[in-house]
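The structure appears below as structure tokens.
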DNA sequence: AATTCGAATGTGCACGTTCACATTACTCGA
DNA sequence: TCGAGTAATGTGAACGTGCACATTCGAATT
């Protein structure tokens, strides 16, 4: 009969709990994992012992024995962007609420080698699933070709079939923006697109093209940007020479803001000479001058859906099918009704 | 001699490597952990076997055996803010480069209960160290009172002694901003501060007060904001009635931008009627109208330092002592020289 | 050639959990 | 009253690594 009055250095283990509750360690394990065949009175005794000892199962041991880690990997390419950041925060919250931890991995670049290495690293950490927030076509191609065994859910893919449920209808959002401009009487609407490889860039451009086509207006060749305000700034200065353009739909708010800056420097007034609308509704959009019209997407909700979806796959349940998230048009000063042409 | 042509379901273990290299598993372990007493030829044989089998040590097993996880916890309160986000990305990169993974935990609120629970959660994940990005005095008090065994490094603490080396000199930054305004001839400078509990808010306010005092100017009672552009907007409308104020130093860019919005709505022109300077240099600051003067802090460098510092503590080495990071004053349109008073 | 000592390597167990299987307790019907 | 069948619990062995200790090897010293 060992004297047990000593101060314990180590945290309590499952066997300590078992001893205190006068059961076997396996019974404790059953209580923890909600096995059905446990007498209510026994369960209570175990739970009491757990509380008394402030016992928490050791995740490393659990992972080793069960090869389940309760860890979700986030593979991201573009942290710093507003949308990505919001989504990540939401994912982390949602995951914690369900007992999962998050391991983030930010891609240094999106070469196939880097992507492959990143995925291998996450896989090696034995994550139970991966959420991909790297909306570049290339990334999906690489990951698809890797023959992974861990489930992967990606935000904003519009290429595959099943990932649709974790996407916002960006094409629709872009259409809403462009149709809004057309509704104001603009017929010469230019699009500043995102980089070629980006899925979101493609969807938004597609929305632009569709809206123009349906309104029977000639679509202008889009300009490829890189999402940054600096690029928008540059483009604005270049474009101000072209008097034929009366409205611009920029693929994100940062480029829209830079664009307005460029216009301003060149003497073109927004919205009087040219209207500008962005995409994302970043927090400053409502406060800059002129306040920026834009399209809002609930990135946080997207993140939560990704977690729900992924956990369903992990637990081999049917993943709930969501409709694509509907963006919201936010009209502000940068697209007020312009004087109709004489 | 076992036939080994079978397809393996499980990844290779340390014993598989040992068998292939004709050594004991312990020798493999020594090679992995860079034990000095290994014959070069043996090491090479082991390394070859590792490459052949694409072996990677199992983190869960390693954590269980050594109770070291190679995991760093990030406790954050304010993701979404530009500075925090930049720092987190940098931390993650720096940590990965040194073989550590990151577990992020975003505080839902900063009540002592939530903080305690968060820290306990991280501790229970057996993180080797924690980086705190929750610059509220309260948070440190709670954590300090917890008697933690894992090393904690926090960004931007100015209360304790040793954490100084992972901080930017925000007080200096604030002084630079205010002295800049004073240099332009302003004597009635108002400060829009951050929330009371925030260390950064206090440092920036202190810088304001010091600069005013040294210039022999009366410091106006600061207004407490909440970091958001919306608050700045509100404050701007309120303040525009006060004609005595000719310059405002806002504790961050978002409030500065909102403030300019409020002024604009009330008919006060920036910088002609009132100058505004912010803090952070968020990406849009250079592109809004008027372009925003501000103070730039290298948050990414701060994050890298935090990692360096923390790993040194974990490895029981002397932590390198950095000087506080020096902020940089960025002068733009919002604080151009104003007409001197008649 | 024997002795010594450090370098190089091997052996077995511990870490804390889950899994497969074994055992005991209880319920119900004949 | 007994057996069958299921509910409830227990036993021992993994999982893959690091640690403490034991052993062997080799060269230098006497």
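Brief remarks on what is shown
- Two-site FRET efficiency, residue A:217 against residue B:244, from Cβ-Cβ distance with R₀ of 56 Å, rounded to 0.05: 0.60
- For the stretch A:271-314 versus the stretch A:73-129, the spacing of their alpha-carbon centroids is 20 Å.
- Relative contact order, percent, chain B [alpha-carbon distance under 8 Å, six or more residues apart]: 15
- Antiparallel content of DSSP bridges confined to chain B, in %, to 5: 15
- The modelled label-to-label distance between residue A:197 and residue A:266, using points 7 Å beyond Cα along the C-beta direction, is 2.9 nm.
- Among beta bridges that DSSP assigns inside the protein assembly as shown, antiparallel share in %, nearest 5: 15
- Remark: mean inter-chain Cβ contacts per residue of A:83-91 equal 3, using a 10 Å Cβ-Cβ cutoff to other protein chain atoms.
- Sorted shortest first, the separations between the residue B:241 label point and its copies elsewhere in the assembly read 5.1 nm; each point sits 7 Å from Cα along the Cα-to-Cβ line.
- A straight line joining the Cα centroids of the stretch A:160-231 and the stretch B:27-52 runs 55 Å.
- Gaussian network model of chain A, Cα within-10 Å springs - most flexible of A:306, A:319, A:201: A:319
- B:115, A:330 arranged by Cβ crowding within 10 Å, fewest neighbours leading: A:330, B:115
- Ranked list, fewest to most other Cβ atoms within 10 Å of each Cβ, for B:322, B:234, B:263: B:322, B:234, B:263
- Residue of B:95, B:114, B:235 that the Gaussian network model of chain B assigns the largest fluctuation, springs spanning Cα pairs under 10 Å: B:114
- Copies compared at residue A:224 - label distances in nm, ascending, label defined 7 Å from Cα in the Cβ direction: 5.2
- The antiparallel fraction among DSSP beta bridges confined to the stretch B:193-333 stands at about 35%.
- From helices alone, chain B scores -13500 deg cm²/dmol at 222 nm; the rule is -39500 (n - 2.57) for each run of n ≥ 4 DSSP H residues, then divide by the residue total.
- Peptide B:121-130 shows a mean partner chain C-beta count of 2 within 10 Å per residue C-beta.
- Taking the label point 7 Å along Cα→Cβ, residue B:108 and its counterparts in the other copies are spaced 3.8 nm apart, in ascending order.
- Average other protein chain Cβ within 10 Å of Cβ, residues A:251-257: 2
- Each peptide in B:166-173, B:275-282, B:178-185 gets a packing score, the mean of other Cβ atoms within 10 Å over its residues, and the list from highest to lowest is B:275-282, B:166-173, B:178-185.
- Comparing mean-square fluctuations of B:156, B:136, B:317 from a GNM of chain B with C-alpha springs under 10 Å, the top value falls on B:317.
- Tail fraction, Cα-Cα pairs, the stretch A:14-57, threshold 13 Å, whole percent: 39
- At 1.306 mPa s and 10 °C, Stokes diffusion of the protein assembly as shown via Kirkwood alpha-carbon radius, µm² per second: 57
- Residue B:148-residue B:47 FRET efficiency (beta carbon distance; Förster radius 45 Å; 0.05 resolution): 0.75
- Angle of helix A:82-97 to the longest C-alpha principal axis of chain A, folded into 0 to 90 degrees and rounded to 10: 20°.
- Taking the inverse of the mean reciprocal distance over all distinct Cα pairs, the Kirkwood hydrodynamic radius of chain A comes to 22.9 Å.
A short reminder: the numbers here are calculations on the coordinates, not readings from a lab. A quick note: this is a predicted structure, and the numbers were derived from the prediction, not measured. Because the Cβ atoms are built from the backbone with ideal geometry, glycine has one as well, and the counts that use them run over all protein chains shown.
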